[in-house]
Structures are given as C-alpha cells and as structure tokens.
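Structure, as structure tokens:
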Amino acid sequence: QETNKSHAPAVVLALVPHLAAWCKTLMDGALQAAGTNAHAVGLEKLGQVGVLYQGLEILGGGAILTGLVFGAIAAFIIDREFLAAAAFAAAGAVLTFFGFMHGEAVGLAVTPTVAIAYAVVAVFFFALSRSADALAEAPIAGRHPAAAPAE
C-alpha cells in the first residue's frame with residue numbers, strides 16, 4: 001500500500017519521536033562509555049552546550065505511540081478532518097497522562113504539562129471542526145453559485 005503524497009509531512013512528523021529516542025540512546029551510550037551519565041554531568045551543563053537532554057527524553061518516551069498519534073493528527077489536519085484530529089489529540093492527552101507517551105515509566109501524571117498541551121490541542125481542533133462545519137454551511141455574501149452549462 002502506498003501513502004498518499006500529501007501525507008508525506010505526517011510521515012516525517014511520525015518519525016520525529018523515534019529520532020529523539022535514538023539520539024537519547026546514543027548520548028546515554030557515549031556518556032556511559034565515559035563512565036558517567038546525563039544527571040551526573042548535569043542537565044543544565046548539557047543545555048549550555050546545546051544538548052536538550054530532557055527534551056529528547058520527553059519527546060522520545062513512548063516513541064511508538066507518540067509517532068502514531070503525531071502522524072495521525074498531522075494526516076487528519078492535512079485532510080481537514082479536524083474532529084478526527086481532535087480525537088487523536090484527546091487520546092494523546094490520556095496516553096500522556098498515564099505515561100504511555102512522553103514518559104519513561106507508566107504512572108499517574110508522569111508528564112502533566114504535556115498532557116495538558118494535548119488537551120488544549122484537542123479543544124482547539126474540536127472548536128475548529130465546529131467552525132469549519134458552520135463555514136461550510138453558511139453562504140458567502142456576494143457569491144453566487146456558478147451557472148450550470150447548457151445541455
């Protein structure tokens with residue numbers, strides 16, 4: 001099966017969490033080979049040299065589910081199916097709240113700020129879906145339907 005060419009950005013976005021997890025794994029391995037770890041070096045020191053370790057940890061946590069949700073949201077945005085995008089964002093909020101996404105372990109409120117961000121995105125897309133429906137039904141002032149060709 002072939003992916004629609006218009007969905008290429010969604011495929012790329014779905015790969016981002018996997019790249020973040022891979023980068024974190026490489027950094028952990030390099031630091032372990034040096035006999036230390038990121039927390040011993042200090043997350044602030046790593047940040048000063050451009051290594052956003054905690055960001056990679058959050059983005060790469062649960063990369064498989066995160067990639068699926070990112071890709072689905074992006075594909076539905078491309079297709080202008082905002083209600084479906086809202087549903088996937090809401091699912092992302094729930095999965096993130098329980099640590100299945102953006103977390104190193106399953107638990108309650110593992111990354112609450114990220115879960116709240118997903119919820120805000122879900123509300124935004126839900127509102128957008130309602131306004132898109134209203135705009136599609138409302139006639140535009142000054143526009144008249146095109147005349148049908150004569151037979």
task = Quick one, could you list the DSSP H helices from the chain stretching 18 Å or more along their long axis (Cα atoms) with average Kyte-Doolittle hydropathy of -1.0 or above?
result = 8-33, 63-78, 82-97, 112-137
query = Assigning unit charges at the beta carbon (Lys, Arg +1; Asp, Glu -1) and nothing else, what dipole magnitude in debye, to the nearest 20, does the range 5-137 show about its Cα centre?
reply = 140 debye
query = Got the relative contact order for the range 5-137 handy, in percent, Cα pairs under 8 Å and 6 or more residues apart?
reply = 24 percent
request  = Using only the Cα atoms of the chain, each taken as one equal point scatterer with no solvent, compute I(q) by the Debye sum, divide by I(0), and report log10 of the ratio at q = 0.13, 0.15, 0.18 Å⁻¹.
outcome  = -0.72, -0.87, -1.08
message = For a quick check: sort His7, His39, His102 by the number of other beta carbons within 10 angstrom, fewest at the front.
response = His39, His7, His102
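Read the figures in this text as sums done on the coordinates, not as results from a lab. Here the structure is a predicted model, which is why all the values come from computation and not from measurement. Cβ sites come from the backbone with ideal geometry, for glycine too, and all protein chains shown count toward neighbours.
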